[in-house]
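Chemist: My structure is below; once you've seen it, I'll send some questions.
The values are calculated or read from the model by the stated rules, or taken from the named source; none is laboratory data. If you're wondering where the values come from, they're calculated on a predicted model, not measured in any experiment. Ideal geometry is used to build each Cβ from the backbone, glycine not excepted, and the neighbour counts take in all protein chains shown.
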Ligand SMILES: Nc1ncnc2c1ncn2[C@@H]1O[C@H](COP(=O)(O)OP(=O)(O)OP(=O)(O)O)[C@@H](O)[C@H]1O
Ligand SMILES: [Mg+2]
């Protein structure tokens, strides 16, 4: 009964005997997988899980005495390393969210194929074994801080995080973040843009995309993510290598996400993407702070008006005070109009931090792009703003390479 540490022990829970039997049949000849129990109700599942301490529980949702979501929560309480794979006919994102909140690891549509089932059991089993090790033999004690996100996957975090911020709203954070993400992605370079403007996020709008899932589907399990689950929540932008992690759609949802979870998510995305671009709100709240903390490069925006210059100064001073080295700050003047006397040079001098790039005011090309929901880089590649963004991508890439080289030689 799961005594061999390499064997994945599985408990099957479904109120329909035929379903249980089908799953048993699909798994019975799987090497390294052992079925340690099969029960017909949530209540029995919790009781048996406590006794047999399975690695993986395959759990139905609709059951008469206790539903699968409640059972998941209780099983995870009793056996913290056990990983629950939900088996469901409910193709409803709310179910997915509730199940994830309860601690489920994965989902399978009924009836699963043998490949889907074995792949899910192996993934969950591997994770359970890692968790068992991490939690110690008792399987009860959590590590201080919960361990780093992505730590359980055994993958190396190599991606670079680029966060956009301006204290003043409406300076072009989202516009530039989305277009930079487009400029950086290529078939060999996967890029994800995370909408960290949780309350008023509009990244999906600028891309004319909509998905069924958003960041709240991942946040509750941010300390124990799995690339497949993350993939299932991301939205792919058309035919590109750009993915989007959308913001929630209501305030209530936005407010459920903590800075700690946001930071863990970003750290995990570094294991999957070459560049993680974070768009923020104009507040230095716990979400923005978590993003800045995880960033390799902070793109700070300024315009040619005094309030935005004041806000940029406050932000730069704050970054310096927080110990962020100047090389990690990429100052951009957006909506630059050369007829205005406040030049990038003057602003750079007064900040004692150079403006790395001035992006021209190009409303003529931006407006149709916004109204179509297509990044201007795609719509009008030769527009002045598009050319500036290509330049920005070049400079950002170069800066990140320099930073990496400097780190390696330290
Ligand atoms: N270089 C530019 N030229 C002309 N218009 C621009 C430029 N950059 C941004 N804009 C326009 O400025 C407006 C605000 O841009 P955006 O929404 O990207 O700003 P933001 O900083 O993300 O705002 P918020 O703080 O509300 O999130 C948009 O209408 C956008 O089209
Ligand atoms: Mg914005």
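Chemist: I'd like to check something: does region 340-351 contain any residue that is within 13 Å of ligand 1 (Cβ to nearest atom), in the same structural domain as residue 274 (by TED's automatic domain parsing) and in contact with a helix residue (DSSP H, G or I) (Cβ under 9 Å, 6 or more places away or on another chain)?
Modeler: Scanning region 340-351 turns up no residue that is within 13 Å of ligand 1 (Cβ to nearest atom), in the same structural domain as residue 274 (by TED's automatic domain parsing) and in contact with a helix residue (DSSP H, G or I) (Cβ under 9 Å, 6 or more places away or on another chain).
Chemist: Of the conditions (1) modelled with pLDDT of 85 or more; (2) more than 16 Å from ligand 1 (Cβ to nearest atom), residue 164 fails just one. Which one is it?
Modeler: Status for residue 164: all satisfied but (2).
Chemist: Considering (1) surrounded by fewer than 19 Cβ atoms within 10 Å (Cβ to Cβ); (2) assigned to a strand (DSSP E or B), say which one residue 338 fails and leave the rest.
Modeler: If we test residue 338 against (1) surrounded by fewer than 19 Cβ atoms within 10 Å (Cβ to Cβ); (2) assigned to a strand (DSSP E or B), just (2) comes out false.
Chemist: Just give me the residues in region 153-189 being in a loop (DSSP other than H, G, I, E, B), out of contact with any helix residue (DSSP H, G or I) (no Cβ under 8 Å at 6 or more places or on another chain) and surrounded by 18 or more Cβ atoms within 10 Å (Cβ to Cβ), in sequence order.
Modeler: 172, 185 - these are the residues of region 153-189 that are in a loop (DSSP other than H, G, I, E, B), out of contact with any helix residue (DSSP H, G or I) (no Cβ under 8 Å at 6 or more places or on another chain) and surrounded by 18 or more Cβ atoms within 10 Å (Cβ to Cβ).
Chemist: Outside any helix (DSSP H, G or I) and more than 16 Å from ligand 2 (Cβ to nearest atom), is that true of residue 406?
Modeler: The answer is no for residue 406.
Chemist: Could you go through region 255-266 and let me know if any residue there is within 24 Å of residue 356 (Cα to Cα), away from ligand 2 (no atom under 16 Å from the Cβ) and in contact (Cβ under 8 Å) with a residue 60 or more places away in the chain.
Modeler: No, the conditions are met nowhere in region 255-266.
Chemist: Where residues in region 190-228 are within 21 Å of residue 160 (Cα to Cα) and assigned to a helix (DSSP H, G or I), which of them is farthest from ligand 1 (Cβ to nearest atom)?
Modeler: The residue in question is 228.
Chemist: Condition first: at pLDDT 85 or above, within 16 Å of the chain's Cα centre (by Cα), under 18 Å from residue 263 (Cβ atoms) and within 16 Å of ligand 1 (Cβ to nearest atom). Can you find one or more residues in region 142-159 that meet it?
Modeler: No, there is no match, as no residue in region 142-159 is at pLDDT 85 or above, within 16 Å of the chain's Cα centre (by Cα), under 18 Å from residue 263 (Cβ atoms) and within 16 Å of ligand 1 (Cβ to nearest atom).
Chemist: Additional query: Restricting to helices (runs of 4 or more DSSP H) lying wholly in region 248-301: which have 3 or more residues that are under 15 Å from residue 221 (Cβ atoms)? Before you say what the answer is, go through the steps one by one.
Modeler: Working: elements: 251-254, 259-269, 286-293.
The helices (runs of 4 or more DSSP H) meeting that bar are 259-269.
Conditions tested, residue by residue: (1) touching a helix residue (DSSP H, G or I) at 6+ places or on another chain (Cβ under 9 Å); (2) free of Cβ contacts under 8 Å to residues at least 40 places away in the same chain; (3) within 14 Å of ligand 2 (Cβ to nearest atom).
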residue	(1), (2), (3)
288	yes, no, yes
292	yes, no, no
295	yes, no, no
313	yes, yes, no
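Chemist: Select, from 239, 226, the only residue that is closer than 22 Å to residue 294 by Cα and in the same structural domain as residue 334 (by TED's automatic domain parsing).
Modeler: Exactly one of 239, 226 is closer than 22 Å to residue 294 by Cα and in the same structural domain as residue 334 (by TED's automatic domain parsing), namely 226.
Chemist: Do you know which residues across region 323-351 are without any contact (Cβ under 8 Å) to a residue 24 or more places away in the chain and within 20 Å of residue 403 (Cβ to Cβ)?
Modeler: If the condition is that a residue be without any contact (Cβ under 8 Å) to a residue 24 or more places away in the chain and within 20 Å of residue 403 (Cβ to Cβ), then 323, 325, 348 are the ones that fit.
Chemist: Among the residues of region 358-389, write down those that are surrounded by fewer than 16 Cβ atoms within 10 Å (Cβ to Cβ) and under 25 Å from the mean Cα position of the chain (by Cα).
Modeler: 373
Chemist: Given the conditions (1) closer than 30 Å to residue 238 by Cα; (2) away from ligand 1 (no atom under 14 Å from the Cβ), and given that residue 385 satisfies all but one, which numbered condition is not satisfied?
Modeler: (2)
Chemist: If I filter region 320-329 down to residues being at pLDDT below 95 and in a helix (DSSP H, G or I), which single residue comes out as farthest from residue 350 (Cα to Cα)?
Modeler: Ranking the qualifying residues of region 320-329, first place goes to 321.
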